1. First check a/c for region 38-85, with a ≥ b ≥ c the square roots of the eigenvalues of its C-alpha gyration tensor; if it is under 1.5, answer rounded, and if not, answer prolate when a/b is larger than b/c or oblate otherwise.
2. Please check: in the Gaussian network model of the chain (C-alpha springs, under 10 Å), which one of Pro171, Pro152, Pro134 has the largest mean-square fluctuation.
3. So, taking all protein chains as they sit and a 1.4 Å probe, how much accessible area belongs to Asp64, in Å² rounded to tens?
4. Per-residue HN-Hα couplings for region 51-64, Karplus 6.51 cos²θ - 1.76 cosθ + 1.60 at θ = phi - 60°, whole Hz, x for Gly and Pro?
5. With each label point set 7 Å from Cα along the Cα-Cβ vector, what nm distance links Asp60 and Asp166?
6. Per residue of region 165-180, what does 6.51 cos²θ - 1.76 cosθ + 1.60 with θ = phi - 60° give for ³J(HN,Hα)? Whole Hz please, x for Gly and Pro, Karplus curve as stated.
7. Separation between the Ser114 and Gln9 pseudo-spin-labels, each 7 Å from Cα along Cα→Cβ, expressed in nm?
8. Pairs of alpha-carbon atoms within less than 8 angstrom and 6+ residues apart define the contacts here; what relative contact order does the chain have, in percent?
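The values are calculated or read from the model by the stated rules, or taken from the named source; none is laboratory data. Predicted model only: the values in this text are computed from it and were never measured. With ideal geometry, Cβ positions are generated from the backbone for all residues, glycine too; neighbour counts draw on all protein chains shown. All accessible areas refer to the heavy atoms of the entire protein, side chains included, with ligands and DNA or RNA removed. Shrake-Rupley method; radii C 1.70, N 1.55, O 1.52, S 1.80 Å.
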Amino acid sequence: MDFSQQVYQQNQTVWQESIHHPFIKKLSDGSMTLPTFRYYLIQDHYYLRDFARIHELAADASQDQAVKTLLQELANSLHDGEIATRKTFFKELGISQQDVVNTPIAPTTYAYTSHMYRTLTQAGAPAAIAGLLPCAWLYADVGASLQGVTSPVPIFQAWIDSYQSDDYTGPVAKQIKLTDQVARQTDATGRDAMTKAFSRSAYYERDFWQMALDHQDWQ
Ligand SMILES: Cc1ncc(CN)c(N)n1
């Protein structure tokens, strides 16, 4: 069985807790408050900046030219796709640069991004690549789970649409293939580090939704 399928199956409990999380329910039925959505978007702004940066750093750290090229491509598609879409959400909701500056990174965002940097520096590019995968893949699954659902709040629906589009799901398929390719080129110790990185990211993905509902802070 491919590495991706193996870790996907191993992490189904936490994965399904994400897909069925009250945050997703509130987005799709329109009951989420705008302050909660704004909180999520600002934390996700911090997250996506580091997420893109880790693609670039993993590309630099990778020995294989094809892997480097694909990671760079994925970083570019993040900037042109998801990060660009978020700029339109910020505009629509009137979230300014000053609002971002005034909002500290929250504990779960801090822990999740720190986990990805730590994985890269301590376990290397293959584990970092595995740690990036739940982020991409889970949101595609969330999008798929909401096919046929229309949120009554247009900006929530725009968020849902963005994870159902081919522009999003195309790169995800490439990222799954890339992770499997890297796993095949990695020894058992390296694959063990990849497995841990994937599981920890899946865990933080679920906690990210809860962080937003709780408006988590450092108190
Ligand atoms: C925390 C998180 N995880 C995943 C995604 C989807 N790339 C995201 N925007 N934010």
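1. oblate
2. Pro152
3. 50 Å²
4. Along region 51-64, the couplings run 4, 5, 4, 5, 4, 5, 5, 5, 4, 4, 7, 7, 8, 9 Hz.
5. Those two pseudo-labels are separated by 3.5 nm.
6. 6, 4, 4, 8, 6, x, x, 5, 4, 5, 5, 5, 4, 4, 5, 5
7. Calculated label separation equals 3.5 nm.
8. Numbers: 224 pairs, mean separation 79.9, N = 219.
Rounded, it is 36 percent for the chain.
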